[in-house]
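Below: one structure, written as structure tokens.
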Amino acid sequence: MNTAPTPGPSGPGPPLWLLLELTYRCPLHCVFCYNPTEFARTGAELPTEDWLRVLREARALGAVQLGLSGGEPMVLNVVLHRLNIDHVGEILDMAERLGAQYVELANTQYYGWAWLNRQQLLPSRAQLARAEAATQRFRERVAGRIQVYFVVPDYFERRPKACMGGLGSVFLGIAPDGIAMPCHAARMLPGLDLPNVRSADIRTIWYDSPAFNRFRGEAWMKEPCRSCPERTHDFGGCRCQAYLLTGDATNTDPVCDLSPHHQLVTDAVARAERDAALAARAEHVLVFRDHRISIKAP
């Protein structure tokens, strides 16, 4: 009987976090959706029996956390961007009226459709600071009755996030057509031959596939990551972000201020500052449909 390799320094542990993206179908048309921009070209969705087999195989391998994704959201997760981030206070007040126990304020991360719309969606530093301050005031007022999680956009950090705890370390995602991915957006990475659960079992995919082993460890790293003492904490940042910004998935994530490509991020933020200022002035000549204006209080 085959058994999985022993977790530890000599090899990866099991896929602790399993995400099943059941469908790409959705009645919404969000400009910040992380789904692949070419999702219409993906294969047929997996049948129920294949999903059940994936669940059994992943559980036997050691998965302990399951996420189900796809379709229309049924959870209070608000995606923030330049056009709505100044309404964070009102969003949180609405969450309180609804009796929410948990609210995630997720600033847009720029993949998929959000990458195409980045210039229109990236907020200014001033907007971000106001939103964080409003969130903190709300937390203090509700005194723990509502848990609020505020996700800062990568572009405003000095160091990158430890994307998925390192690709191939803990996260295994399955797309609607059965493609297995080491992160939500891995389909975009060129040369990454992603396996499919239709033709391979979860154990083989996780431990043996070149796609899941491609960015494990440190051998793939370039400088400055290769000799950086933080490489064991941030794993060089996000591979998809590195690819989108520099064209090479093995480069240091440009969010890091040690990256030779960091200016690509600072330039994008500087453009957002200028664009936000122009938009603020333009808003004075526009009147948007708004119930607070059209319906007067009694």
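The values are calculated or read from the model by the stated rules, or taken from the named source; none is laboratory data. Every value quoted in this text rests on a predicted model; they were computed, and no experiment measured them. Neighbour counts are summed over all protein chains in view; Cβ atoms, including those assigned to glycine, are modelled from backbone coordinates with ideal geometry. Remember, those area values only see protein heavy atoms, side chains included, never the ligands or the DNA or RNA. Shrake-Rupley method; radii C 1.70, N 1.55, O 1.52, S 1.80 Å.
Against the test of being more than 18 Å from the chain's Cα centre (by Cα), under 20 Å from Ala270 (Cβ atoms) and at pLDDT 90 or above, the options Arg130, Arg137 yield a single qualifying residue, Arg130.
Of everything in the range 70-104 that is without any contact (Cβ under 8 Å) to a residue 12 or more places away in the chain and closer than 23 Å to Phe156 by Cα, the residue that is least open to solvent (accessible area, probe 1.4 Å) is Asn84. Sub-8 Å Cβ pairs linking a first residue in the range 178-194 that is open to solvent by less than 50 Å² (accessible area, probe 1.4 Å) to a second residue that is among the aliphatic types (A, V, I, L, M) and assigned to a strand (DSSP E or B), at least 6 apart or interchain, are Ala180/Leu172; Ala180/Ile174; Met181/Leu172; Met181/Ile174; Pro182/Leu172; Leu194/Ile179; Leu194/Ala180; Leu194/Met181, ordered by first then second residue.
When you scan the range 207-227, do you find a residue that is among the aliphatic types (A, V, I, L, M), in a loop (DSSP other than H, G, I, E, B), on the phi < 0 side of the Ramachandran plot and surrounded by fewer than 20 Cβ atoms within 10 Å (Cβ to Cβ), even just one? Within the range 207-227, one or more residues are among the aliphatic types (A, V, I, L, M), in a loop (DSSP other than H, G, I, E, B), on the phi < 0 side of the Ramachandran plot and surrounded by fewer than 20 Cβ atoms within 10 Å (Cβ to Cβ). When Ser124 is tested against (1) open to solvent by less than 60 Å² (accessible area, probe 1.4 Å); (2) within 19 Å of the chain's Cα centre (by Cα), just one condition goes unmet, and that condition is (2). Condition check for Tyr111 on (1) within 24 Å of Arg53 (Cβ to Cβ); (2) in contact (Cβ under 8 Å) with a residue 60 or more places away in the chain; (3) buried (at least 17 other Cβ atoms within 10 Å of the Cβ): one failure, at (1).
Number of residues in the range 232-251 that are farther than 16 Å from Gln109 by Cβ and either surrounded by fewer than 16 Cβ atoms within 10 Å (Cβ to Cβ) or in contact (Cβ under 8 Å) with a residue 40 or more places away in the chain (or both) equals 8.
Do we find a residue being crowded, with 19+ Cβ neighbours inside 10 Å and touching a residue at least 60 places away in the same chain (Cβ under 8 Å) anywhere in the range 130-142? Looking through the range 130-142, none of the residues is crowded, with 19+ Cβ neighbours inside 10 Å and touching a residue at least 60 places away in the same chain (Cβ under 8 Å).
If you go through the range 155-174 one residue at a time, do you hit one that is touching a Ser or Thr at 6+ places or on another chain (Cβ under 7 Å), assigned to a strand (DSSP E or B) and in contact (Cβ under 8 Å) with a residue 40 or more places away in the chain? No, the range 155-174 contains no residue that is touching a Ser or Thr at 6+ places or on another chain (Cβ under 7 Å), assigned to a strand (DSSP E or B) and in contact (Cβ under 8 Å) with a residue 40 or more places away in the chain.
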